[in-house]
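Everything below concerns the one structure shown next.
The values are calculated or read from the model by the stated rules, or taken from the named source; none is laboratory data. Here the structure is a predicted model, which means the values were calculated and not measured. Neighbour counts are summed over all protein chains in view; Cβ atoms, including those assigned to glycine, are modelled from backbone coordinates with ideal geometry.
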Amino acid sequence: MSVRIVGAGAAGINVVDEWILLSDCPTGSLACDGEASSVDGSLASQKLLLAPDITGGLGCFGSRDLAWRMVGQENQQLEELLKDCSRLLIVTGLAGATGATVAEVLSLKAVEREIPTTVFAFPPFPFETEERQEAAEATRDALPAEASLFLFPPPPLSEEPIPDVAAVRRGLRAFQSALAQWVDVWSGMARGVVLPANPGAEAESSRFTVAGVIEDCHVFSEARARLDLSLPGFLEGSGFRQAAEKADRCLAYIEAGGEDSGWKEELGERLREFLPKRTRLDLLRRTEARPTETRLLLLVGRAASRHPTPVCPERDEERPAPEPARIPLRPCVFPEPEGRLVPASQASQDGTPFAKTAATLHKGQNLDIPAFRRRSRS
Amino acid sequence: MFGNKSRSVLVGLEAGTSKIKVAVAELNARGALTLLGVAESPSTHIRKCEITDFEMTQKAIHQAILDAEEKTDVSIGEVYLAISGAHIRSFQSRLALDLGREGAMIEQGHLRELRELVRQQALPQGQILLHDLLQTYILDDGTATANPVGLFSRRLMADYHLVSGIATRLQTTVHCVKELSLRVKAYALSSYATAQALLSPEQKSFGSVVINCGAGITDYIVYRNGFVAHSGTLGVGGDHLTNDLAVAVKIPFPRAEELKKTHGTVDLREDVAHRRVGLMAGGSYEQQFVPMSLIVEVLQARQAEIFEIIRENLEDQPFWEGFSGRIFLTGGGSQLDGIQKLATKIFDRPVEAAKPLAFEGEVSCEGRQGWTTVLGLLRYGRIVEMQESGGGRWDRIGRSLSRFLSRIRLF
């Protein structure tokens with residue numbers, strides 16, 4: 001099973017780089033952009049510089065037309081990428097031209113080949129031009145319905161007349177790290193393994209990530225047997241002991257082949273209760289408002305769902321459901337949870353001698369992570 | 001120059017991950033080095049040989065320099081600086097000089113031209129060349145020689161071992177020293193300096209690998225046929241072993257460091273396999289018992305990985321298959337119990353603990369495994385000084401004589 005994680009555009013590459021630094025097993029990464037500096041500087045194992053003969057490696061300066069020309073020229077290369085690929089994740093910012101175009105083209109190609117595709121994207125900042133907002137909207141609508149789309153709103157900006165640049169940078173970095181955690185969890189899930197975000201450390205895991213794991217854990221049904229063991233471990237390692245117990249029971253229930261209705265209730269209960277009492281997540285509020293089935297479809301897309309009959313998110317109960325193939329899947333927006341996000345990459349290194357240095361990477365492995373741990377996993 | 005006392009004192013400075021070390025020696029008129037003394041201060045703000053806090057590092061360097069001045073009664077004005085870090089890259093380069101269809105006699109100018117060419121070689125953006133170490137000259141018929149001057153050939157090729165690093169990181173280190181009103185006379189790659197302290201000319205010629213197990217990084221260098229055949233730096237060192245132990249046993253880093261130093265081993269012998277070692281209560285820590293098998297498992301996994309990465313890198317080199325030299329371990333990390341046995345097993349070659357070559361004078365360098373880099377800097381400094389001064393009176397006379405004899409041979 002070959003999983004491919006593509007960082008499209010400079011913003012996407014940044015997130016993929018964060019993920020490489022964070023993850024224990026960062027394989028199958030690809031950096032793709034028109035700007036030579038971001039591609040060359042990436043930590044991804046594969047790199048694709050788009051049409052250097054057209055732009056000279058300087059990028060397309062936000063021109064969508066030029067981005068399409070660049071992507072068109074690299075058509076063959078992009079198709080090569082999808083060979084032997086069994087699951088595809090594209091990380092991109094929708095505001096940029098190159099990233100958005102690559103995401104659109106690549107996801108269309110992947111869907112044609114029936115490769116389960118997920119897109120992690122973040123919309124433009126509110127201060128960006130209307131033209132860019134519209135272009136991002138258009139890209140979002142143009143993504144194939146069969147692909148799952150997760151939209152992450154970027155961190156809110158300070159309203160002060162002279163914003164603190166360092167604070168903005170920190171906010172962006174935290175956002176990238178949180179998103180990288182998602183990528184890590186997705187990558188682990190796609191490989192059938194869920195591992196604690198902060199192994200061995202007493203660090204707080206991002207609730208963002210825990211929510212992601214809970215949401216996705218049942219999706220990859222083929223990996224269920226392994227998830228049985230690893231999901232509770234992940235939750236416990238992340239400091240959510242009660243959730244771990246709950247997940248354990250729930251998975252046992254699924255394993256036993258319980259009825260559909262019971263499974264849904266159990267899942268709903270688990271989602272409501274897995275976080276500490278004072279924590280408030282919009283995600284949970286929405287869970288209450290929508291049927292679980294619908295939400296799951298929104299989250300993971302039809303192809304990945306284990307449900308035999310998909311349901312339209314906006315379905316009127318009295319009308320018959322439209323054909324599954326024609327259902328347009330709307331993106332699900334995850335608001336940033338309240339409280340401080342602690343990226344695992346930072347939390348796990350605090351107090352160690354490597355907190356202030358770049359990670360030592362060797363053949364895609366982060367050598368700063370204890371060797372005995374990496375070896376036992378492999 | 002050797003008569004000038006102010007310039008005959010050489011000072012080596014290494015800003016390492018765990019300690020700042022300074023060594024002071026005197027270079028006498030015969031070209032021999034007398035070790036005057038050594039000094040050190042703890043370094044807390046250098047990670048993987050890169051400075052993370054400028055001011056604190058500067059204070060630590062200042063402290064070590066003051067200590068050295070006090071011990072040796074020498075006023076230190078200039079130093080030889082060791083350079084290291086995970087950003088250091090090394091690679092081979094071959095250059096060729098066309099001497100015309102009819103061929104020509106090779107002169108010193110040709111060698112200088114080749115050297116200029118290698119220094120102009122394009123490097124990745126932001127990198128600068130640290131060392132251009134000549135390996136050998138090759139003539140058009142394939143003859144390899146260290147001194148082709150006077151030989152006829154249509155083409156002259158030269159193999160160089162080049163070492164480069166990120167300019168900004170190097171600037172930080174050099175600037176940190178310069179701010180203390182110290183002149184950086186020259187800098188040397190840490191592993192290159194270490195080899196100067198350990199290897200005799202015979203060992204360099206026969207072939208040797210020196211692995212310097214530092215606290216922040218592990219660097220290595222390979223000598224073959226008298227020249228540097230390969231070098232490398234891995235951003236993993238003794239701190240990683242300590243950190244692994246801290247994670248596995250769930251104890252703070254300083255306590256793990258203490259545990260590593262007192263009971264650390266990578267050799268699970270029968271007599272220790274079922275033992276448990278106690279960590280005494282102290283401060284806010286409670287008494288704790290740790291099985292030796294766990295300590296060995298954790299340390300062995302990390303140390304074996306370091307050696308395996310180095311072995312893989314060496315196996316990729318064309319010379320490695322026929323290489324029959326010895327492997328020497330040095331640096332603070334080489335004092336870990338059982339490390340030689342582990343290295344022998346992984347490299348499948350004889351491995352031994354390196355001993356620094358002796359200096360003249362009363363200060364002995366015996367047992368100074370962790371000082372090899374600064375001691376090597378002194379030897380490197382000696383070479384630089386001798387090259388600058390033209391090698392001393394007798395060398396100059398010898399060169400004039402050989403030039404005279406070569407003219408007689410020609411006519």
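Can you pull out every residue in the range B:107-155 that is in a loop (DSSP other than H, G, I, E, B), out of contact with any helix residue (DSSP H, G or I) (no Cβ under 7 Å at 6 or more places or on another chain) and under 27 Å from residue A:37 (Cα atoms)? I'd like the intermediate steps shown before the answer.
As a first pass, look at the range B:107-155 and keep what is in a loop (DSSP other than H, G, I, E, B): B:107, B:120-126, B:140-143, B:146-151, B:154.
Filter once more, so that each one left must be out of contact with any helix residue (DSSP H, G or I) (no Cβ under 7 Å at 6 or more places or on another chain): B:107, B:120-125, B:140-143, B:146-148, B:151, B:154.
Of everything in the range B:107-155, those that are in a loop (DSSP other than H, G, I, E, B), out of contact with any helix residue (DSSP H, G or I) (no Cβ under 7 Å at 6 or more places or on another chain) and under 27 Å from residue A:37 (Cα atoms) turn out to be B:120, B:121, B:122, B:123, B:124, B:125.
The residue that is farthest from residue A:86 (Cα to Cα), among those in the range A:135-151 that are outside any loop (DSSP other than H, G, I, E, B) and modelled with pLDDT of 80 or more, is A:135.
Among all residues of the range B:221-234, there is none that is within 14 Å of chain A (Cβ to nearest Cβ), under 23 Å from residue B:311 (Cβ atoms), touching a Gly at 6+ places or on another chain (Cβ under 6 Å) and not in a helix (DSSP H, G or I). Kindly evaluate residue B:318 against the criterion of being in a loop (DSSP other than H, G, I, E, B) and at pLDDT below 90. For residue B:318, the condition - in a loop (DSSP other than H, G, I, E, B) and at pLDDT below 90 - is met.
Restricting to the range A:367-378, and then to whatever is at pLDDT below 80 and closer than 19 Å to residue B:245 by Cα, can you tell me which residue is nearest to the other protein chains (Cβ to nearest Cβ)?
Going residue by residue through the range A:367-378, those that are at pLDDT below 80 are A:373-378.
Next, from what is left, pick out any that are closer than 19 Å to residue B:245 by Cα: A:373-377.
Working: A:373: 7, A:374: 8, A:375: 5, A:376: 9, A:377: 12 Å.
It comes out as A:375.
Checked across the range B:253-263, the condition of being within 30 Å of residue B:319 (Cα to Cα), outside any loop (DSSP other than H, G, I, E, B) and more than 13 Å from chain A (Cβ to nearest Cβ) holds for no residue.
Among the residues of the range B:178-190, some residue qualifies, meaning at least one is within 30 Å of residue B:62 (Cα to Cα), away from chain A (no Cβ under 11 Å) and assigned to a helix (DSSP H, G or I).
Screening residue B:247 on (1) β-branched (Val, Ile, Thr); (2) more than 19 Å from residue A:372 (Cα to Cα); (3) part of a helix (DSSP H, G or I) shows it passes everything except condition (2).
None of A:23, A:38, A:29 is buried (at least 20 other Cβ atoms within 10 Å of the Cβ), at pLDDT below 80 and small (Gly, Ala, Ser) except A:23. Before we move on, is residue B:295 surrounded by fewer than 21 Cβ atoms within 10 Å (Cβ to Cβ), touching a strand residue (DSSP E or B) at 6+ places or on another chain (Cβ under 9 Å), assigned to a helix (DSSP H, G or I) and within 14 Å of chain A (Cβ to nearest Cβ)? For residue B:295, the condition - surrounded by fewer than 21 Cβ atoms within 10 Å (Cβ to Cβ), touching a strand residue (DSSP E or B) at 6+ places or on another chain (Cβ under 9 Å), assigned to a helix (DSSP H, G or I) and within 14 Å of chain A (Cβ to nearest Cβ) - is not met. Look at (1) surrounded by 21 or more Cβ atoms within 10 Å (Cβ to Cβ); (2) under 25 Å from residue B:14 (Cβ atoms); (3) touching a residue at least 24 places away in the same chain (Cβ under 8 Å); (4) not aliphatic (A, V, I, L, M) and you find that residue B:243 fails only one, number (3).
Among all residues of the range B:198-208, there is none that is within 25 Å of residue B:79 (Cβ to Cβ), away from every other protein chain (no Cβ under 14 Å) and among the polar types (S, T, N, Q). Of all residues in the range B:209-220, exactly one satisfies the criterion of being polar (S, T, N, Q) and either within 14 Å of chain A (Cβ to nearest Cβ) or over 22 Å from residue B:369 (Cβ atoms) (or both), namely B:218.
Hey, does the range A:20-35 have a residue that's outside any loop (DSSP other than H, G, I, E, B) and more than 24 Å from the chain's Cα centre (by Cα)? Full working, then the answer.
Here is the first cut: in the range A:20-35, the ones outside any loop (DSSP other than H, G, I, E, B) are A:20-22, A:29-33, A:35.
After this cut, where a residue has to be more than 24 Å from the chain's Cα centre (by Cα) as well, the list is none.
Looking for residues that are outside any loop (DSSP other than H, G, I, E, B) and more than 24 Å from the chain's Cα centre (by Cα), one finds none in the range A:20-35, hence no.
Going through the range B:37-60 one residue at a time, which ones are aliphatic (A, V, I, L, M) and either under 21 Å from the mean Cα position of the chain (by Cα) or within 14 Å of chain A (Cβ to nearest Cβ) (or both)? I'd like the intermediate steps shown before the answer.
So the first thing to find is which residues in the range B:37-60 are aliphatic (A, V, I, L, M), and the list is B:38-39, B:46, B:51, B:56, B:60.
Within the range B:37-60, B:38, B:39, B:46, B:51, B:56 meet the criteria.
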